[in-house]
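What follows is a short report on a single structure.
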Amino acid sequence: MTCKRSRGRGFTIIELLAVMGILVLLAVLTLTGVGRISKDARISTAVNRLTAALGNARALAIKENTYVMVAFRPNWATNPDGSAAAADTPQATEVVIAKATGQSEVFTYSDGTRNLADRYLPVPGIEPVRLPTGIKVAGPNFEFETTQYEVPGFYTQADMKILSRSCGEYPEYYRMIAVLFAPDGRRVTRVANASSGDHKSFIDFDTVDSDNDGDRQDVHYRFPTGCNFSSNFDRFYFQDHPRDETNVMLVPFLLVYDDDAAREFKVLDWTVRSQIEQELISRDTGYIARYGQRIDFNPSTGVVQP
């Protein structure tokens, strides 16, 4: 009697390829999901840190019966002259809490027009809050306290590395924005009795006249070298230098957004005014308006609204 040994049937090459394809698809879906969760977590972390800073600033304004602002500036490793110290250092947004000093500086435009800027100082003992790398904060153009947005919509922090490459992006929409709390805790866009549009504020980060122009508000010409503006008006407003102490634009609400993600979607040339308006900062079509997480304030109390 002959015994026949049975052998198990193996997989065909087509079956193996099908299984491998399924595994690759699952891996891609998993990585995509993890990446999305990671990005959402960065936004949530930024909103939580920012909300806490806003609450602390409001409490300080009430406690000390003074004006307190929460401002946003790019943190980027630089040399003392403001040039890049580490090309690969990631940029992050710093949340700075500053208090009114009761002092002002006179700043003069190239046409001789003179204006006042109230001087604020970072609050001693309160370190700047650092948001996750790539997360920025934007606010609406509210320069003259209009009831509706002025074109184009939103201002935010500059990407200093890109801007430093011969003005690698249009700089007009990079401003130092801030939220201001009054002594009673309300969120306001100007101090009491100040004229809208003409009365400014700035934060004196280094407390000295580092650009040797006769006042403690340090603003800088032509950084980067490719940004050659026609007048010195621009230097008091555009945040185009790492050490700028430009005039602060006070805003009624904030939008927290992922700038890294915005640049992944970028297809237009952001050195062109109309194209950066359309793709990033437009109140209708821009990435900030569509994907930013909004932070509002109770109009009566100034408390952050969920």
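Which of the residues that make up the stretch 285-305 are of a type in the set (Ser, Thr, Tyr) and more than 24 Å from Leu268 (Cβ to Cβ)? Ser300, Thr301 - these are the residues of the stretch 285-305 that are of a type in the set (Ser, Thr, Tyr) and more than 24 Å from Leu268 (Cβ to Cβ). Among the helices (runs of 4 or more DSSP H) confined to the stretch 253-306, the ones with at least 1 residues that are among the acidic types (Asp, Glu) and within 15 Å of the chain's Cα centre (by Cα) are located at 259-265. Can you tell me which residue in the stretch 237-267 is surrounded by the most Cβ atoms within 10 Å (Cβ to Cβ), limited to those that are over 21 Å from Trp76 (Cβ atoms) and out of contact with any strand residue (DSSP E or B) (no Cβ under 6 Å at 6 or more places or on another chain)? Checked the stretch 237-267; the qualifying residue surrounded by the most Cβ atoms within 10 Å (Cβ to Cβ) is Pro252.
Is at least one residue of the stretch 285-298 over 18 Å from Phe72 (Cβ atoms), touching a Phe, Trp or Tyr at 6+ places or on another chain (Cβ under 6 Å) and among the β-branched types (Val, Ile, Thr)? No, because not a single residue in the stretch 285-298 is over 18 Å from Phe72 (Cβ atoms), touching a Phe, Trp or Tyr at 6+ places or on another chain (Cβ under 6 Å) and among the β-branched types (Val, Ile, Thr). Residues in the stretch 41-66 that are in a helix (DSSP H, G or I), within 21 Å of Gly125 (Cα to Cα) and β-branched (Val, Ile, Thr): Thr51, Ile62. For the stretch 211-239, a tally of residues being modelled with pLDDT of 65 or more, among the small types (Gly, Ala, Ser) and farther than 17 Å from Ala117 by Cα returns 0. Looking across Arg36, Arg5, one residue alone is modelled with pLDDT under 90, among the charged types (D, E, K, R), surrounded by fewer than 17 Cβ atoms within 10 Å (Cβ to Cβ) and outside any helix (DSSP H, G or I). It is Arg5.
Assessment of the stretch 50-70 against the conditions (more than 30 Å from Val303 (Cβ to Cβ) and either surrounded by 13 or more Cβ atoms within 10 Å (Cβ to Cβ) or modelled with pLDDT of 60 or more (or both)) yields no matching residue.
The values are calculated or read from the model by the stated rules, or taken from the named source; none is laboratory data. Nothing here was measured: the structure is a model prediction, and the numbers come from that model. Positions of Cβ are backbone-derived with ideal geometry, glycine not excepted, and every protein chain shown enters the neighbour counts.
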